[in-house]
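**Q** Supplied in structure tokens, the structure appears directly below.
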Amino acid sequence: MGSASDYTENKVLELIVGKTAFATPTCYAALSTADPTDDASGLAEPSGNGYARVSTAGGDWEAAASGAIQNANAITFPEASGSWGTVTHFALFDASTAGNMLAHGALGSSEAVTSGETPRFAAGALGGTCT
């Protein structure tokens, strides 16, 4: 289970008090070989070998309940054409490259992604909380 990033927490607070607007982003799931941390400074996304963030839409997520949300549909990454390293964390971004990290979390178990593998989060396997 993941948590909101510093960026998201600040935007939500500014939205609540009317200081700024917060447009609904397209969410992109990302993988990381290190803990991104709340400020995204530890993010270590795989590079090359077919790696790309995966776009998700609102319908790919369950309705939030009790401060938690999870994916309603499977989230499938492209097939690796070489090593992506050992993936230990995930992150959600508002862009397919660069952008702002919205949330992040640790995977239940690390996974060494090698050529021919297609990383996938089953429905209900990816989520986050706001507490």
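FYI, it's all coordinate maths here, none of it is from the lab. In this text the structure is predicted, and so the values were computed from the model without any measurement. Backbone-built Cβ (ideal geometry, glycine too); neighbour counts: all protein chains shown.
**Q** Counting only C-alpha contacts under 8 Å and six or more residues apart, can you give the relative contact order of region 1-70 as a whole percent?
**A** Over region 1-70, the number comes to 25 percent.
**Q** While we're looking at this one, here's another question. Compute the Rg/Rh shape ratio of region 22-64: radius of gyration over Kirkwood radius, all on alpha-carbon atoms.
**A** When Rh is taken as the Kirkwood radius, the ratio is 1.03.
**Q** Would you work out the charge dipole size for the chain about its Cα centre, treating the Cβ of every Lys and Arg as +1 and the Cβ of every Asp and Glu as -1, and quote it to the nearest 20 debye?
**A** Computed about the Cα centre, the dipole is about 180 debye.
**Q** Long-range amide H contacts for Trp61: which residues qualify at under 5 Å (H placed 1.01 Å from N, peptide plane, sequence gap of 5 or more or a different chain)?
**A** Ala72
**Q** Taking θ as phi - 60°, what are the ³J(HN,Hα) couplings along region 87-104 by the Karplus curve (6.51, -1.76, 1.60), each to the nearest whole Hz, with x for Gly and Pro?
**A** Computed from phi, the couplings for region 87-104 are 7, 10, 9, 10, 8, 10, 10, 9, 8, 6, 9, 6, x, 9, 6, 9, 7, 7 Hz.
**Q** Determine the relative contact order of the chain: mean sequence separation of Cα pairs under 8 Å and six or more apart, normalised by residue count, in whole percent.
**A** 33
**Q** Now for a separate question. For the pair Ala63 and Thr118, what calculated FRET efficiency results from E = 1/(1 + (r/R0)^6), where r is the Cβ-Cβ distance and R0 = 35 Å, to the nearest 0.05?
**A** After rounding, the FRET efficiency stands at 0.80.
**Q** Now for a different question. Once phi is turned into θ = phi - 60°, what whole-Hz ³J(HN,Hα) does the Karplus curve with 6.51, -1.76 and 1.60 give for every residue of region 44-59, x standing for Gly and Pro?
**A** 9, 6, x, 9, x, 6, x, 5, 7, 5, 10, 6, 10, 10, x, x
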